[in-house]
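Student: I'd like to ask you about the structure that follows.
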């Protein structure tokens, strides 16, 4: 009666007469080992059978250890190629978007300065005008004749002044004659006293005539101003945005005629949270994004010291700096301002691709002495494609940003240094011919 036994993957058929028929196969470490033995019956004792089995197993173990050792040695010398980036120390200023709007520094209705009917318009909506250009003309016939009347009154009062002067001169002459008769028996003191008073009255009348001339000249000047203001002119350059009246309509003093927008002196106004105004000061430069996604710069011109109690905001005016940007903006057009959230500070930053999560903690792999060393880090705020690091890294450290997913602590690596670092090394070492990969060295 036969028995079947198995030992370490060895299948051995043994009969009751202690004969070995065939050793079919041997597997160890995935490597098949075939042993052929004679099919003829070989009478062996129990001790001989055990010795033969032990020899086969020992040889197989040696063969498997040689194969595994060779594989481990080959894996040990394998170098992983990675990409690294430099840990930087840079100023960081976090910004918040605030919606603002373009406002014209000069805009509003142009009013009539005198009352009258509109005689003609010289402009239309959308026309660009310069300072002093004629916009509209009132019907000014009445104003012309008023001006002529005032000129005549000035001449009339000037003639009265001349008459009063001659009257005073005549009275003074009569007074001198009476004074020459003091020693004559025909002298009368009463007549002399009356003549002195008549001279005083004549001089007062002459002064009154002089005042009338001044009044007439003032009225003449007012009439000339009214006649000049019958022509409504542009107080500043801009574009006509609206007409408030039409030819033939009567306008009073101060009535709006047209509205002008000075599109060449635009500013940006934004309602900034009061807590964020601490990071702003006069001439602070911020970034602004237009509706067409164009980026420009804007400088703070003034912070209005008045807070809105409902929104807790303050109005801030910015002067846009378009530079070479060829963009036309309109009044009340929206613009997004990137306002600093606080004062700028210097922080250590690392590239976001260098960060890994292991066991719930943030780690990076450092490239040091040709090996990958794991390092735990504490992160701060994000800034673009980088994160600020509060603990764990120092400036100029090299961290792995590509190929770090398959790394293990102590893995040999090869890498190229970042471009800025490579340029620095190239300037310091003149013997370098070209880039190449070497185990454990940053090229």
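Student: Just order 250-260, 172-182 by mean Cβ neighbour count inside 10 Å, highest at the front, would you? Walk me through the intermediate numbers first.
Tutor: Values: 250-260: 16.5, 172-182: 12.5.
Taking the mean over residues of other Cβ atoms within 10 Å, the ranking is 250-260, 172-182.
Student: Please work out how much length the chain gains when fully extended from residue 120 to residue 139, using 0.36 nm per residue of separation minus the C-alpha to C-alpha distance, in nm with one decimal. All intermediate terms of the calculation are to be shown ahead of the outcome.
Tutor: Numbers: separation 19, 0.36 × 19 = 6.84 nm, distance 0.83 nm.
Extending this stretch completely gives an extra 6.0 nm.
Student: Please report 329, 247 as a ranked list, fewest other C-beta atoms within 10 angstrom at the top and most at the bottom. Could you put the intermediate results ahead of the total?
Tutor: Numbers: 329 18, 247 12.
The order, fewest Cβ neighbours first, is 247, 329.
Student: May I ask you to derive the FRET efficiency for residue 244 and residue 96 from their Cβ-Cβ distance with R0 = 51 Å, giving the value to the nearest 0.05? Don't skip to the answer; put the middle values down first.
Tutor: Numbers: r = 41 Å, r/R0 = 0.81.
The pair residue 244/residue 96 has a calculated efficiency of 0.80.
Student: Moving on. Considering the convex hull of the alpha carbon atoms of segment 140-229, report its projected area averaged over all viewing directions, in nm², one decimal.
Tutor: Details: hull surface 23.9 nm².
So the Cα hull casts an average projection of 6.0 nm².
Student: Follow-up question, since we're still on this one. Can you give me the distance in nm between label points at residue 208 and residue 321, each placed 7 Å from the Cα along the Cα-to-Cβ direction?
Tutor: 7.1
Student: Can you give the FRET efficiency to the nearest 0.05 for residue 224 and residue 328, using r as the Cβ-Cβ distance and R₀ = 35 Å?
Tutor: Working: r = 41 Å, r/R0 = 1.19.
FRET efficiency, residue 224 to residue 328: 0.25.
Student: How many nm is it between the label spots at residue 106 and residue 255, if each spot is 7 Å from the Cα in line with the beta carbon?
Tutor: In this crude label model, residue 106 to residue 255 measures out at 2.6 nm.
Student: Within segment 363-404, whose backbone N sits under 18 Å from a point 7 Å along Cα→Cβ of residue 275?
Tutor: Of the residues in segment 363-404, 381-382 have backbone N under 18 Å from the label point off residue 275.
Student: Applying 1/(1 + (r/R0)^6) with R0 = 25 Å to the Cβ-Cβ distance of residue 88 and residue 283, what FRET efficiency is obtained, to the nearest 0.05?
Tutor: 0.35
Student: Diagonalise the Cα gyration tensor of segment 329-424 and give the resulting equivalent ellipsoid semi-axes, square root of 5 times each eigenvalue, largest first, whole Å. Could you put the intermediate results ahead of the total?
Tutor: Working: eigenvalues 229, 53, 34 Å².
Rounded to whole Å, the semi-axes are 34, 16, 13.
Student: Please give the peptides 393-400, 117-124 ranked by average Cβ packing (other Cβ atoms within 10 Å per residue), highest first, as a rough proxy for protection. Present the calculation step by step, with values, prior to reporting the outcome.
Tutor: Values: 393-400: 17.9, 117-124: 14.9.
Taking the mean over residues of other Cβ atoms within 10 Å, the ranking is 393-400, 117-124.
Student: Quick check: the distance between the Cα centres of segment 267-336 and segment 138-157, to the nearest angstrom?
Tutor: Value for the Cα centre distance between the two parts: 53 Å.
Student: Ranked highest first by average number of other Cβ atoms within 10 Å, how do 346-355, 202-211, 184-193 line up? Could you put the intermediate results ahead of the total?
Tutor: Working: 346-355: 19.3, 202-211: 15.2, 184-193: 10.0.
The peptides rank, most packed first, as 346-355, 202-211, 184-193.
Every read-out reported here was derived from the displayed coordinates using simple, explicitly stated rules and does not represent laboratory data. Every value quoted in this text rests on a predicted model; they were computed, and no experiment measured them. So basically every Cβ, Gly included, is an ideal-geometry build from the backbone, and we count neighbours across all protein chains shown.
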